[in-house]
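The values are calculated or read from the model by the stated rules, or taken from the named source; none is laboratory data. Note that this is a predicted model, so its numbers are computed, not measured. Here the Cβ positions follow ideal geometry from the backbone for every residue, glycine too, while neighbour counts run over all protein chains shown. The protein model used for the area step is the full one, side chains on, heavy atoms only, and it has no ligands, DNA or RNA in it. Shrake-Rupley method; radii C 1.70, N 1.55, O 1.52, S 1.80 Å.
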Amino acid sequence: GDVTLMMMVGTFIGWQAGLIAFFLAPFAGLLIGIAQFVFRRDDVIPYGPFLCLATAGVVVAWAPIWVWAQPMFEMGGLVPTVVIVCLAMLGVMLAIWRLIKLALFGHAAE
């Protein structure tokens with residue numbers, strides 16, 4: 001569902017704004033996710049609402065966001081490089097998270 005949602009976001013607001021919304025969404029859900037984990041020990045977070053919240057924020061504040069982001073999109077190879085680095089960092093983060101779960105719960109919680 002999240003892939004379809006981001007496809008529609010990109011269709012309506014463009015790929016640049018969609019990419020910015022995609023990378024802002026984790027920050028939109030970070031506080032809620034941490035609070036949910038601390039109070040309920042639940043680490044399952046529906047990501048769609050945070051994608052929508054980040055998209056709404058990008059739409060509302062597009063003019064100042066674009067003034068800040070436009071030079072980065074004009075740097076040619078920067079965007080693919082950032083995507084590759086972020087994917088590598090995601091893999092490292094997920095491996096660390098798995099080790100944390102093993103340490104806390106004694107087994108790999110799926």
Exercise. Looking at region 1-34, which of its residues are small (Gly, Ala, Ser) and open to solvent by less than 40 Å² (accessible area, probe 1.4 Å)?
Worked result: 10, 14, 17, 18, 21, 25, 28, 29, 33
For this session: Considering each residue of region 41-54, count those that are open to solvent by 40 Å² or more (accessible area, probe 1.4 Å) and in contact with a Phe, Trp or Tyr (Cβ under 8 Å, 6 or more places away or on another chain), and give that number.
Result: 1
For this session: Check off (1) among the β-branched types (Val, Ile, Thr); (2) free of Cβ contacts under 8 Å to residues at least 12 places away in the same chain; (3) open to solvent by less than 60 Å² (accessible area, probe 1.4 Å) for residue 38 and give me the number that stays unchecked.
Result: (3)
Problem set entry | Whichever residue in region 1-54 is charged (D, E, K, R) and touching a Gly at 6+ places or on another chain (Cβ under 9 Å) and, among such residues, is modelled with the lowest pLDDT | 43
For this session: Can you work out which of the residues in region 82-95 that are at pLDDT 90 or above, open to solvent by less than 90 Å² (accessible area, probe 1.4 Å) and among the β-branched types (Val, Ile, Thr) is nearest to residue 22 (Cα to Cα)?
Result: 85
